Amino acid sequence: MSDESTKDTKDTKDTKDIKDKKEPKKVIRSKKTIQQSLESSLLKQNGNEKDKDKDKNKEKEKKQNEGRVLALSLRPKSLEDLIGQNDICQTLKSQFESHRIPHFFILSGPVGCGKTTLARILSRKIHETYGIQDVSHYYKNIPIQKKVHYEIKEVNAANQTGIDDIRKLIEHMGFKPLPPSRVKVVILDEAHQLSVPAQNALITETEDVPEHVFYIFCTSAPQKIIPALQRRAFHICPKLLKDKDNIEEIVKRSAKYAEYNGDIDPFVEGIIHYEVFSPGLIIQAAEKYFSGLSVSDSLINGKNEMVGNIDMISVCRALVGGKWNVCAEILKDATRSDTYGIKASVLGYLKTVLLKSSGNKSINVAKAIRFITSAEFQDESIALPSLLSSLCLACAQMNS
Ligand SMILES: Nc1ncnc2c1ncn2[C@@H]1O[C@H](COP(=O)(O)OP(=O)(O)OP(=O)(O)O)[C@@H](O)[C@H]1O
Ligand SMILES: [Mg+2]
């Protein structure tokens, strides 16, 4: 019995021991589980906070965009956001990845094709690629992100056309960037408006660009940039959106942002019919269409390009109708800097008319195109009179 009892006691002891031995394991496991669940709940919390931050940013962005035109609210902020520019994006991405970034870009193309948009994306990407300097010793106790201010200067070359403006700019660019920036980027919008001496002053600067300096020219008339500068630049022409998928994508994006739920198909067909292929003009027209205008009204106005103060659609209509007196009345306000815009606009219009006409009319339109393309543009001082005389001859051709 005593043996039994000893065995029993032993058994009980063993069982207790085993229990005792198992217990702590259980405790450890449960500690782990608590830790894991704490971590996962923290992660979830962080995730939720990030989501909340994202939502807050979106709301903030929407508030900032209230009252702004759709085109500005929808301005893409990264290469990935751009529609229909795959080849350009691919080239740029590989330049950035390999740190072989040109120091001088020329972005050219018609109104609204995305020059300014791409220039801003590029300038940010250049800064991000070169990184920021450690400025913690300047800004103790302040989160560095709050102090990041990239050195990006936007200059409207239409207002600052002279050599003195450019000399000042070159001098400013020569100074090292302010921390935390490591580089300086200048965007020169309407760069074709720079005077020839001002452009000449930039030749040496762009040939031997300081390591920290990047120039981005935006222009709708690249032929007015002197050849010496053109040769030094990496030239990009953002593409017009001629592909139906791209047109649909930009219209859908606009409709989503404007919370428009109607049928967009007739509008997409209209874009193709009226050949409004510039993303900026498509978004402008979409805004009108969403607010109730008919397809043709929103798109014809979208094509109604103003060159300076000149209503080009009226000029083109009068020209095709052979009414030189009407053309002359509108064109009397044209200035030398409007010459290229007028020529491009009239030729674009005539091209559409030519493709849609037949018989005698098509021959007259073809001859009118010949007259206009042969206008003399080599010498700046005679470019405008030369264009006007060819427009007059084109007009007369329409009446023959
Ligand atoms: N590739 C693109 N994808 C999506 N949207 C675009 C694209 N390019 C331009 N946009 C839209 O078109 C608008 C006009 O573009 P942007 O101002 O860059 O044109 P631009 O060529 O500088 O015009 P301008 O000749 O009038 O200066 C932008 O605000 C943006 O909303
Ligand atoms: Mg622009």
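Could you check how many residues of the range 242-285 are modelled with pLDDT under 95, closer than 22 Å to Leu107 by Cβ, away from ligand 2 (no atom under 16 Å from the Cβ) and not charged (D, E, K, R)?
Of the residues in that region, 2 qualify.
Restricting attention to the range 142-155, does a residue exist that is farther than 12 Å from Phe104 by Cβ, away from ligand 2 (no atom under 16 Å from the Cβ) and either among the small types (Gly, Ala, Ser) or in contact (Cβ under 8 Å) with a residue 40 or more places away in the chain (or both)? Steps first, please.
Here is the first cut: in the range 142-155, the ones farther than 12 Å from Phe104 by Cβ are 142-155.
Next, from what is left, pick out any that are away from ligand 2 (no atom under 16 Å from the Cβ): 142-151.
After this cut, where a residue has to be either among the small types (Gly, Ala, Ser) or in contact (Cβ under 8 Å) with a residue 40 or more places away in the chain (or both) as well, the list is none.
For the range 142-155, residues farther than 12 Å from Phe104 by Cβ, away from ligand 2 (no atom under 16 Å from the Cβ) and either among the small types (Gly, Ala, Ser) or in contact (Cβ under 8 Å) with a residue 40 or more places away in the chain (or both): absent.
Of all residues being under 19 Å from Ala286 (Cβ atoms) and within 16 Å of ligand 2 (Cβ to nearest atom) in the range 74-84, which is surrounded by the most Cβ atoms within 10 Å (Cβ to Cβ)? Just the residue, please.
We begin by selecting, within the range 74-84, every residue under 19 Å from Ala286 (Cβ atoms); these are 74-76, 81-84.
Now narrow it down to the ones that are within 16 Å of ligand 2 (Cβ to nearest atom): 74-76, 82.
Values: Leu74: 22, Arg75: 17, Pro76: 17, Leu82: 19.
Checking each candidate, the answer is Leu74.
Just wondering, is there one or more residues in the range 299-317 that are part of a helix (DSSP H, G or I), modelled with pLDDT of 90 or more and either away from ligand 1 (no atom under 16 Å from the Cβ) or not assigned by TED's automatic domain parsing to the domain that holds Ser374 (or both)?
yes
Given the structure, is Gly162 under 20 Å from Pro227 (Cα atoms) and either surrounded by fewer than 17 Cβ atoms within 10 Å (Cβ to Cβ) or touching a helix residue (DSSP H, G or I) at 6+ places or on another chain (Cβ under 7 Å) (or both)? Don't jump to the end; show me each part of the working.
Working: under 20 Å from Pro227 (Cα atoms): yes; either surrounded by fewer than 17 Cβ atoms within 10 Å (Cβ to Cβ) or touching a helix residue (DSSP H, G or I) at 6+ places or on another chain (Cβ under 7 Å) (or both): yes.
Criteria met by Gly162.
In the range 78-117, which residue that is in a helix (DSSP H, G or I), under 14 Å from the mean Cα position of the chain (by Cα) and among the β-branched types (Val, Ile, Thr) is farthest from ligand 1 (Cβ to nearest atom)? Give the derivation first.
Taking the range 78-117 first, the residues in a helix (DSSP H, G or I) are 79-81, 86-97, 115-117.
If we keep only those that are under 14 Å from the mean Cα position of the chain (by Cα) too, we end up with 79-81, 86, 88-89, 92, 115-117.
Then keep just the ones that are among the β-branched types (Val, Ile, Thr); that gives 88, 116-117.
Values: Ile88: 9, Thr116: 3, Thr117: 3 Å.
By that ranking, first place goes to Ile88.
Keeping to the range 213-238, report how many residues are within 16 Å of ligand 1 (Cβ to nearest atom) and either of a type outside the set (D, E, K, R) or part of a loop (DSSP other than H, G, I, E, B) (or both). Lay out the reasoning, then the answer.
Residues of the range 213-238 within 16 Å of ligand 1 (Cβ to nearest atom): 216-225, 235-238.
Applying the additional criterion that residues be either of a type outside the set (D, E, K, R) or part of a loop (DSSP other than H, G, I, E, B) (or both) yields 216-223, 225, 235-238.
The qualifying residues number 13.
For Lys288, state whether it is of a type in the set (Lys, Arg), within 30 Å of Leu347 (Cα to Cα), at pLDDT below 90 and more than 14 Å from ligand 1 (Cβ to nearest atom).
Details: of a type in the set (Lys, Arg): yes; within 30 Å of Leu347 (Cα to Cα): yes; at pLDDT below 90: yes; more than 14 Å from ligand 1 (Cβ to nearest atom): yes.
Answer is yes for this residue.
I need the full set of residues from the range 175-212 which are surrounded by 14 or more Cβ atoms within 10 Å (Cβ to Cβ), more than 16 Å from ligand 1 (Cβ to nearest atom) and polar (S, T, N, Q), in order please.
Listed by number, the residues that qualify are Ser181, Ser195, Gln199, Asn200, Thr206.
The values are calculated or read from the model by the stated rules, or taken from the named source; none is laboratory data. Note that the structure is predicted; figures quoted are calculated from it, not measured. Cβ sites come from the backbone with ideal geometry, for glycine too, and all protein chains shown count toward neighbours.
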